[in-house]
1. Out of the residues in the range 53-93 that are among the β-branched types (Val, Ile, Thr) and touching a residue at least 40 places away in the same chain (Cβ under 8 Å), state the one that is nearest to residue 37 (Cα to Cα).
2. Please specify each residue of the range 75-88 satisfying the condition of being surrounded by fewer than 17 Cβ atoms within 10 Å (Cβ to Cβ) and among the small types (Gly, Ala, Ser).
3. Which of (1) at pLDDT 90 or above; (2) assigned to a loop (DSSP other than H, G, I, E, B) does residue 147 not meet, given it meets every other one?
4. Within the range 40-51, is even one residue touching a helix residue (DSSP H, G or I) at 6+ places or on another chain (Cβ under 7 Å) and within 23 Å of residue 134 (Cβ to Cβ)?
5. Within the range 60-71, how many residues are of a type in the set (Gly, Ala, Ser), assigned to a loop (DSSP other than H, G, I, E, B) and in contact with a strand residue (DSSP E or B) (Cβ under 7 Å, 6 or more places away or on another chain)?
6. Do you know which of the residues in the range 123-144 that are part of a loop (DSSP other than H, G, I, E, B) and among the hydroxyl-bearing types (Ser, Thr, Tyr) is modelled with the highest pLDDT?
Amino acid sequence: MRLISLVLASAVLAACTSDPAGESKPKGVAQFAGDPRLGEEVRNVCFASTISGFHDATDDTVVISKGRQDYLIEVYGNCFNLDQAQQLAVDSTTSCLGKGDHIITTDSIAGFHDKTGFGVQRCTIKSIHEWDSKAKAPESEETAVPEESE
């Protein structure tokens, strides 16, 4: 029991020191500030049962596709396995998906009832924004090619 506590304490301390002080990355929709793909916030996505796919997941956002239209969904906090999700389902009280409704994810390719992965995560929706997947994403600092000076 003591060894488990020590291992957990070490992991927590390592996680706390992984980001240099003052260099926290924006979370949620804020990480897409200035991104031409990010559109206006919408109240809901109706006919939630016709959602056809998802992509570009982070630990607190995911893009869902409904026909030819895409939407960026932001969830409260970190949705433990959202960035590794293999399957996604929606849970809404009406036929429209909106704030306070849930997305349900699993990191298992075998389905929501498989016990081999981290399991099922239920994430509460914080906001929904239109998303233009065809717009060009801005280059990140890591992938930007430095300009040559003369």
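The values are calculated or read from the model by the stated rules, or taken from the named source; none is laboratory data. Keep in mind that what you see is a predicted model, and the values were worked out from it rather than measured. Positions of Cβ are generated from backbone atoms using ideal geometry, with glycine treated the same way; all protein chains shown enter the neighbour counts.
1. Applying the filter and picking the extreme gives 63.
2. The one that is surrounded by fewer than 17 Cβ atoms within 10 Å (Cβ to Cβ) and among the small types (Gly, Ala, Ser): 77.
3. Single failed check for residue 147: (1).
4. The answer is no; no qualifying residue exists.
5. Residues flagged as of a type in the set (Gly, Ala, Ser), assigned to a loop (DSSP other than H, G, I, E, B) and in contact with a strand residue (DSSP E or B) (Cβ under 7 Å, 6 or more places away or on another chain) within the range 60-71 amount to 0.
6. 133
Table: residues versus (1) surrounded by 15 or more Cβ atoms within 10 Å (Cβ to Cβ); (2) among the hydrophobic types (A, V, I, L, M, F, W, C); (3) in a loop (DSSP other than H, G, I, E, B).
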| position | (1), (2), (3) |
| --- | --- |
| 36 | no, no, yes |
| 49 | no, no, no |
| 58 | yes, no, yes |
| 73 | yes, yes, no |
| 90 | yes, yes, no |
| 93 | no, no, yes |
| 105 | yes, no, no |
| 121 | yes, no, no |
